[in-house]
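These notes are about the structure you will find just below.
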Amino acid sequence: MPLRLVTILCHVVLIAAIAVSVLSPATPARAGLALLFVAPLLLTLHGLVRGRRPTLQRLAVLLVAYVGGTSVEVVARAGGAPLLSVALLAAALELGLTLALIRRRRPPL
């Protein structure tokens, strides 16, 4: 499986896991909160699919915040939120894959 395709898959899993974990139970306020949490990821999806280097660089910085935030939530809930654990794993894997894509697509000097 190509590296970029696996990265996109991790991105979609991360978006879904965060949205579903925030939405349960579903209320209009939680829907707005879920949209607020996944909006930066949705904005980078197009650039990730196209493989744009500046988007990949911004996404790597963004993913550090998602890894940090989800790890704090997983520890705070003592592992009692399996969707957040999935989100943490997806964010960490996507960060590594994104860095590999950035490194691989380095322009010649």
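The values are calculated or read from the model by the stated rules, or taken from the named source; none is laboratory data. Since we're looking at a predicted model, the values are computed, not measured. With ideal geometry, Cβ positions are generated from the backbone for all residues, glycine too; neighbour counts draw on all protein chains shown.
Descriptive notes on the structure:
- Note on region 56-82: residues that are more than 13 Å from the chain's Cα centre (by Cα) and on the phi < 0 side of the Ramachandran plot amount to 10.
- Whether a residue is over 15 Å from Val6 (Cβ atoms), in a helix (DSSP H, G or I) and at pLDDT below 95 was assessed, and Gly68 does not pass this test.
- Applying a threshold of 7 Å to beta carbon distances and a minimum spacing of six or more residues, or different chains, the list of pairs starting in region 67-95 at a residue that is without any contact (Cβ under 8 Å) to a residue 60 or more places away in the chain and ending at one that is crowded, with 20+ Cβ neighbours inside 10 Å and among the hydroxyl-bearing types (Ser, Thr, Tyr) reads Leu88/Thr70.
- Of the residues making up region 8-40, those that are among the hydroxyl-bearing types (Ser, Thr, Tyr) and surrounded by fewer than 14 Cβ atoms within 10 Å (Cβ to Cβ) are Ser24, Thr27.
- Of all residues in region 1-31, those being at pLDDT below 95, of a type outside the set (A, V, I, L, M, F, W, C) and in a helix (DSSP H, G or I) number 4.
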